[in-house]
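Just so you know, all these numbers are worked out from the coordinates, no wet-lab data involved. These figures come from a predicted structure and were not determined experimentally. Every residue, glycine as well, gets a Cβ built from its backbone with ideal geometry; the counts of neighbours run over all protein chains shown.
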Amino acid sequence: MEFALASAIGVLTASGVYLLLRARTFDVILGLTLLSYATNLLIFSAGRMVVGRPPVLREGVEPVLANYADPLPQALVLTAIVIAFAMTAVTVVVAMRNHADLHSDHVDGHEPGREPDDRQ
């Protein structure tokens, strides 16, 4: 199980970095999203890989770490999901405005090999 999770984190990170290095706006947004997924999985895996254990204390169960899941990584991942969603929404709005103003979806604002227009 740990190998599969580590492989998934590695594939998501590599794909995210590859897409971040592309020159298109959509690719950069998708790369940021994949990197946030990889980060969420990494934080979640820091809380030990346990199945079927509750993250809160219960009566009648001894309060040792072996009987419970760590709730802190779960809370951090939940917070990170909300922040990543907001970051993606803002990035999409900025990219749409950039495309409307410059009529290009390249990150630097113009096609490679062509001079940008001097429209103002």
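Observations on the structure shown:
- With respect to being touching a helix residue (DSSP H, G or I) at 6+ places or on another chain (Cβ under 6 Å) and either loosely packed, with under 14 Cβ neighbours inside 10 Å or part of a helix (DSSP H, G or I) (or both), Ala75 falls outside the description.
Yes/no per residue for (1) more than 30 Å from Asp105 (Cα to Cα); (2) part of a helix (DSSP H, G or I):
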residue	(1), (2)
Arg22	no, no
Gly31	no, yes
Leu34	no, yes
Val51	yes, no
Pro55	yes, no
Met87	no, yes
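- Among the candidates Ala66, Ala84, the residue that is in contact with a helix residue (DSSP H, G or I) (Cβ under 6 Å, 6 or more places away or on another chain) and of a type in the set (A, V, I, L, M, F, W, C) is uniquely Ala84.
- Residues of the stretch 23-63 that turn out to be within 17 Å of the chain's Cα centre (by Cα) and of a type outside the set (Gly, Ala, Ser), as a count: 17
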